[in-house]
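Asks: Below is a structure I'd like to ask you about.
The values are calculated or read from the model by the stated rules, or taken from the named source; none is laboratory data. In this text, all values refer to a predicted model and were calculated from it rather than measured experimentally. In this analysis, Cβ positions are derived from the backbone assuming ideal geometry, glycine residues included, and neighbour counts consider all displayed protein chains.
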Amino acid sequence: MSFWASGNGSFRGSFLLGGATSGDARVNIGSSGITDVAGAAVIKLGEGTLGALSNWSIGYNPNFTPSYVELLGTVNGTILDTLDANDHVTGRTVTFSNGLTGNGSLVKVGDGVLVLNGTAQAPVPAEGETAAVPGFTGTVELREGGLTVKDSSVIGQGSLLIGGGLTVNVTSADGYVLNAGATLGSTGIAGGTATLSAGLTLNGGALSFSSLDSETAALTVNSISGSEATEVRLGVSSLETGISYALLSGAGLTESSFFTLGGAVAELYNGTFSVSNGTLYVNLSDKEGLLRWKSGTWNTESSNTSWSLDGTPSAYADGETVYFSNGDGVDKNVTIAGNVAPGRINVSGTGFHFYG
């Protein structure tokens, strides 16, 4: 599929897959791939699947300015399946030479490798404006198979997420720089540590881990350098206090002072970071001043101390923010008696059931 140019270099043509929130079409592409994606040529990838009949690529004539591949899908994202759609055995290689833009997700599945060699669109002010217009702020997720990126410019100010037990290879000798505005993380620990096969430079970005273990680091890299402030975001559903969770492992990591807890978990917990043998750990403790559910009946009686406030049995009053999180002695079957009107309900734990 060629987005050809006329003699004056005027490219035209478009390829659209699904929308931002809907679409389930699958398009299998063969060895001819998609070429000459430059100038006004448009590729927009929303909800749906791109498959492979052979190795294929998206590319452009280097004599012209390349177009970006815009990611639109924000529900399931664009699924890129590199397992051969005919024989269902052969892992194919799909290469993007054009950079990414948009706020959607690209999810790599199937045996085979996705190679990202483009440079993501950077945020730039619009004409006459001082505020930056977003560049690529979406997500690239490795769920199955392999992923190769040239360096962190592929992601720009977006997110790179690696499944447990999987590896992202980086071809640049300079490694991977986690810049401000960008996120690097893992999406599961069940398969083992996620691996970024490169040196990691911490330059003000964020780390994100959806599930954690006390023994196995959620993310392993070749080496770690840099000491810019780095926010750490954690999936809150399975967390418990008093456990040292292993987050990030790499040669050269000796300091923990520039890591801070961020995101939703920072509302619930205080985090104490430490480093041992090149691995970063965090130990969580309950944040002060939060009314947390313990056990009993939820009602508005002032004598009912079914809640805990900083470890002290406490009563609930309408208008308060209430928290339901994992912990010792927490009854996850919550019976509500009468009418209650909390200001806000925060459920971060798993397995809660509400009755009444």
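Asks: Taking T350, is it part of a strand (DSSP E or B) and of a type in the set (V, I, T)?
Replies: no
Asks: Same structure again: Just one of E231, E255, E267 is at pLDDT below 95 and on the phi < 0 side of the Ramachandran plot; which is it?
Replies: Numbers: E231 fails: at pLDDT below 95; E255 fails: at pLDDT below 95.
It is E267.
Asks: What is the one condition in (1) at positive phi; (2) at pLDDT 95 or above that G242 does not satisfy?
Replies: Looking at each condition in turn, G242 falls short on (2).
Asks: Does at least one position in the range 109-121 carry a residue that is farther than 20 Å from N169 by Cβ and assigned to a strand (DSSP E or B)? Quick ask: steps written out before the conclusion?
Replies: We begin by selecting, within the range 109-121, every residue farther than 20 Å from N169 by Cβ; these are 121.
Subset that is assigned to a strand (DSSP E or B): none.
Looking through the range 109-121, none of the residues is farther than 20 Å from N169 by Cβ and assigned to a strand (DSSP E or B).
Asks: So which residues in the range 198-242 are among the small types (G, A, S) and under 18 Å from the mean Cα position of the chain (by Cα), if there are any at all? Explain how you work it out, then say what you get.
Replies: The initial filter retains those residues of the range 198-242 that are among the small types (G, A, S), namely 198-199, 204-206, 208, 210-211, 214, 217-218, 223, 225-227, 229, 235, 237-238, 242.
Matches in the range 198-242: G204, G205, A206, S208, S210, S211, A217, A218, G235, S237, S238.
Asks: In the range 320-356, which residue that is within 20 Å of G235 (Cα to Cα) and polar (S, T, N, Q) is surrounded by the most Cβ atoms within 10 Å (Cβ to Cβ)?
Replies: The qualifying residue surrounded by the most Cβ atoms within 10 Å (Cβ to Cβ) is S325.
Asks: Kindly establish whether N63 is under 17 Å from L116 (Cβ atoms) and over 25 Å from the mean Cα position of the chain (by Cα).
Replies: no
Asks: Considering only the range 298-320, I want to know if a residue exists there that is part of a strand (DSSP E or B) and either touching a Pro at 6+ places or on another chain (Cβ under 6 Å) or assigned by TED's automatic domain parsing to the domain that holds G226 (or both).
Replies: Within the range 298-320, none of the residues are part of a strand (DSSP E or B) and either touching a Pro at 6+ places or on another chain (Cβ under 6 Å) or assigned by TED's automatic domain parsing to the domain that holds G226 (or both).
Residue by residue, here is whether (1) among the hydroxyl-bearing types (S, T, Y); (2) modelled with pLDDT under 95; (3) out of contact with any Lys or Arg (no Cβ under 7 Å at 6 or more places or on another chain); (4) under 16 Å from V154 (Cβ atoms) holds:
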| residue | (1), (2), (3), (4) |
| --- | --- |
| V27 | no, no, yes, no |
| T35 | yes, yes, yes, no |
| L45 | no, no, yes, yes |
| L50 | no, no, yes, no |
| N55 | no, no, no, no |
| T65 | yes, yes, yes, no |
| T74 | yes, no, yes, no |
| T101 | yes, no, yes, yes |
| V107 | no, no, no, yes |
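Asks: Kindly indicate whether any position in the range 87-96 is touching an Asp or Glu at 6+ places or on another chain (Cβ under 7 Å), surrounded by fewer than 20 Cβ atoms within 10 Å (Cβ to Cβ) and under 20 Å from V149 (Cβ atoms).
Replies: Yes, the range 87-96 contains a residue that is touching an Asp or Glu at 6+ places or on another chain (Cβ under 7 Å), surrounded by fewer than 20 Cβ atoms within 10 Å (Cβ to Cβ) and under 20 Å from V149 (Cβ atoms).
Asks: Oh, and also: Sort out which residues of the range 293-311 are within 15 Å of G329 (Cβ to Cβ) and either surrounded by 15 or more Cβ atoms within 10 Å (Cβ to Cβ) or among the aliphatic types (A, V, I, L, M) (or both), and write them in order of number.
Replies: Once the filter is applied, which keeps residues that are within 15 Å of G329 (Cβ to Cβ) and either surrounded by 15 or more Cβ atoms within 10 Å (Cβ to Cβ) or among the aliphatic types (A, V, I, L, M) (or both), the range 293-311 yields W293, K294, G296, T305, S306, W307, S308, L309.
Asks: Check whether at least one residue in the range 78-89 is closer than 25 Å to G181 by Cα, touching a Leu at 6+ places or on another chain (Cβ under 9 Å), outside any strand (DSSP E or B) and not acidic (D, E), and report yes or no.
Replies: Looking through the range 78-89, none of the residues is closer than 25 Å to G181 by Cα, touching a Leu at 6+ places or on another chain (Cβ under 9 Å), outside any strand (DSSP E or B) and not acidic (D, E).
Asks: Within the range 109-131, count every residue that is without any contact (Cβ under 8 Å) to a residue 60 or more places away in the chain, touching a Leu at 6+ places or on another chain (Cβ under 8 Å) and not aliphatic (A, V, I, L, M).
Replies: 4
Asks: Given the conditions (1) under 26 Å from G13 (Cβ atoms); (2) touching a strand residue (DSSP E or B) at 6+ places or on another chain (Cβ under 7 Å); (3) surrounded by fewer than 19 Cβ atoms within 10 Å (Cβ to Cβ), and given that A120 satisfies all but one, which numbered condition is not satisfied?
Replies: Tallying (1) under 26 Å from G13 (Cβ atoms); (2) touching a strand residue (DSSP E or B) at 6+ places or on another chain (Cβ under 7 Å); (3) surrounded by fewer than 19 Cβ atoms within 10 Å (Cβ to Cβ), A120 fails exactly one: (3).
Asks: Next question, about the same structure. Any idea which residue in the range 97-117 is surrounded by the most Cβ atoms within 10 Å (Cβ to Cβ), counting only those that are small (G, A, S) and closer than 22 Å to V75 by Cα?
Replies: Taking the range 97-117 first, the residues small (G, A, S) are 97, 99, 102, 104-105, 110, 112.
Filter once more, keeping what is closer than 22 Å to V75 by Cα: 99, 102, 104-105, 110.
Numbers: G99: 21, G102: 26, G104: 28, S105: 23, G110: 23.
So, considering only residues that are small (G, A, S) and closer than 22 Å to V75 by Cα, the one surrounded by the most Cβ atoms within 10 Å (Cβ to Cβ) is G104.
Asks: Buried (at least 18 other Cβ atoms within 10 Å of the Cβ) and modelled with pLDDT of 95 or more: is that true of L202 in this structure?
Replies: For L202, the condition - buried (at least 18 other Cβ atoms within 10 Å of the Cβ) and modelled with pLDDT of 95 or more - is met.
Asks: Within the range 218-233, does at least one residue satisfy the condition of being under 18 Å from D286 (Cα atoms) and surrounded by fewer than 22 Cβ atoms within 10 Å (Cβ to Cβ)? Break it down stepwise before answering.
Replies: Just the residues of the range 218-233 that are under 18 Å from D286 (Cα atoms), to begin with: 232-233.
Checking the rest, the ones that are also surrounded by fewer than 22 Cβ atoms within 10 Å (Cβ to Cβ) come to 233.
Yes, there is a match, as at least one residue in the range 218-233 is under 18 Å from D286 (Cα atoms) and surrounded by fewer than 22 Cβ atoms within 10 Å (Cβ to Cβ).
Asks: Which residue pairs have Cβ atoms under 7 Å apart, sit 6 or more places apart or on different chains, and have a first residue in the range 153-177 that is in the same structural domain as P123 (by TED's automatic domain parsing) and a second that is β-branched (V, I, T) and modelled with pLDDT under 95?
Replies: Once the first residue is in the same structural domain as P123 (by TED's automatic domain parsing) and sits in the range 153-177, its partners that are β-branched (V, I, T) and modelled with pLDDT under 95 give G164/I189.
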